[in-house]
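This is the structure I want to talk about, given as structure tokens.
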Amino acid sequence: MENQYIIPSYGRKRHRGLSDAQKNDIHTLYKLYGINDPEKDIPEICAEKLGRKVVLEIGFGNGELLLQQANLHPDMQFIGCDPFENGVVTMLRDIHGRNLQNVHIFKGDARLLLEKLPEQSLRDVYVLFPDPWKKRRHHKRRLLSSKFINKLMQKLSAAGNLMVATDHEGYMLEILANLRTVPNARYCGNKEGLTVKPHCYPGETKYERKALDSGRKCYYLQIRPIHGQQGTDTNPLPTPQYG
Ligand SMILES: C[S@@+](CC[C@H](N)C(=O)[O-])C[C@H]1O[C@@H](n2cnc3c(N)ncnc32)[C@H](O)[C@@H]1O
């Protein structure tokens, strides 16, 4: 699944070429744990009639959080999506080494994967420390546009959560502004402030640790979908707090 018309939201697909061993592993292990044929694989993962809970992590990086969550919740299914092949191969090796049967990898752009997922099929979606594209001329590459948030809301179940974290204040403000234009999304974050992690967040990621270790603030959003008539308890969007 490639779409040349999407502006890439990621920097590069691989770091200095993959070694032969990495190429071999990505080839063989992706057959076992990858989403090779979305039309066939996704219905199996979601198995709606079995009422499976499916969690999607977009941009899993080194994958530690996804592995930890998959280990903790063997009754749930996890989909990890990232086009960065070095991360993908590490993740595939870890899944194989731990014999995890509930993690599925999509090595590509989340926007393409989302098109293939049924409406309201996801329990939670994590987008943790997405590339902030700091330069103004690169802002168009930021992943969390209104259109993308709207699409995510369609894919989340009524009880679902979108969790977005960033250490970039400008990006956080842009996401809040985008949220105001997405009618099917409601902000449900902490009243204590944007820098306090809501309870529903899973553990820490590599980028989060790096940010906190170097003294940068991290911002955490929790967003829930509005389907049909629900949504009367809409939580007003917060005035950003910087403390
Ligand atoms: C800054 S890293 C954060 C990694 C990890 N979430 C963490 O917090 O440590 C952002 C990741 O998002 C991935 N990414 C960027 N655009 C993406 C897209 N459209 N779909 C899926 N992953 C994407 C990048 O390849 C990269 O691995």
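The values are calculated or read from the model by the stated rules, or taken from the named source; none is laboratory data. Since we're looking at a predicted model, the values are computed, not measured. Note that each Cβ is placed from the backbone with ideal geometry, even for glycine, and that neighbours are counted across all protein chains shown. For accessibility, only protein heavy atoms count, side chains too; no ligands or nucleic acids. Shrake-Rupley method; radii C 1.70, N 1.55, O 1.52, S 1.80 Å.
Read through the list (1) within 16 Å of the ligand (Cβ to nearest atom); (2) closer than 10 Å to residue 104 by Cβ, then give the number of the only condition that residue 60 fails.
Answer for residue 60: the failing condition is (2).
Among the residues of the range 106-115, write down those that are of a type outside the set (Gly, Ala, Ser) and within 12 Å of the chain's Cα centre (by Cα).
First, pick out the residues of the range 106-115 that are of a type outside the set (Gly, Ala, Ser): 106-107, 109, 111-115.
Across the range 106-115, the qualifying residues are 106, 109, 111, 113, 114.
Residue 133 is checked against (1) in a loop (DSSP other than H, G, I, E, B); (2) within 16 Å of the ligand (Cβ to nearest atom); (3) open to solvent by less than 30 Å² (accessible area, probe 1.4 Å) and fails just one. What number does that condition carry?
(3)
Given the residues 146, 157, which is the only one that is hydroxyl-bearing (Ser, Thr, Tyr), closer than 25 Å to residue 218 by Cα and open to solvent by 10 Å² or more (accessible area, probe 1.4 Å)?
When all the criteria are applied, what remains is 146.
A further question follows. Find all pairs meeting these conditions: Cβ atoms under 7 angstrom apart; at least six residues apart or on different chains; first residue within the range 53-71 and more than 24 Å from residue 158 (Cβ to Cβ); second residue more than 8 Å from the ligand (Cβ to nearest atom) and at pLDDT below 95.
Note: pairs meeting the criteria are 65/202; 65/203; 68/203.
For the range 57-116, give me each residue that is within 19 Å of residue 44 (Cβ to Cβ), of a type in the set (A, V, I, L, M, F, W, C) and part of a strand (DSSP E or B).
78, 79, 81, 103, 105, 106, listed by residue number.
Quick check on my filter: what residues within the range 188-200 are under 25 Å from residue 121 (Cα atoms) and either crowded, with 20+ Cβ neighbours inside 10 Å or touching a helix residue (DSSP H, G or I) at 6+ places or on another chain (Cβ under 6 Å) (or both)?
189
Let me ask you something else. When the residues of the range 101-130 are filtered to those that are open to solvent by less than 50 Å² (accessible area, probe 1.4 Å) and without any contact (Cβ under 8 Å) to a residue 60 or more places away in the chain, which remaining residue is farthest from the ligand (Cβ to nearest atom)?
102
Another question, if that's okay. Count, please, the residues in the range 23-64 that happen to be surrounded by 22 or more Cβ atoms within 10 Å (Cβ to Cβ) and either acidic (Asp, Glu) or touching a Ser or Thr at 6+ places or on another chain (Cβ under 8 Å) (or both).
3
Do we have residue 18 as assigned to a loop (DSSP other than H, G, I, E, B), modelled with pLDDT under 95 and on the phi < 0 side of the Ramachandran plot here?
On the way: assigned to a loop (DSSP other than H, G, I, E, B): yes; modelled with pLDDT under 95: yes; on the phi < 0 side of the Ramachandran plot: yes.
Against the criterion (assigned to a loop (DSSP other than H, G, I, E, B), modelled with pLDDT under 95 and on the phi < 0 side of the Ramachandran plot), residue 18 qualifies.
Being open to solvent by 100 Å² or more (accessible area, probe 1.4 Å) and in contact (Cβ under 8 Å) with a residue 24 or more places away in the chain is the filter; apply it to the range 205-216 and report the residue that is farthest from the ligand (Cβ to nearest atom).
216
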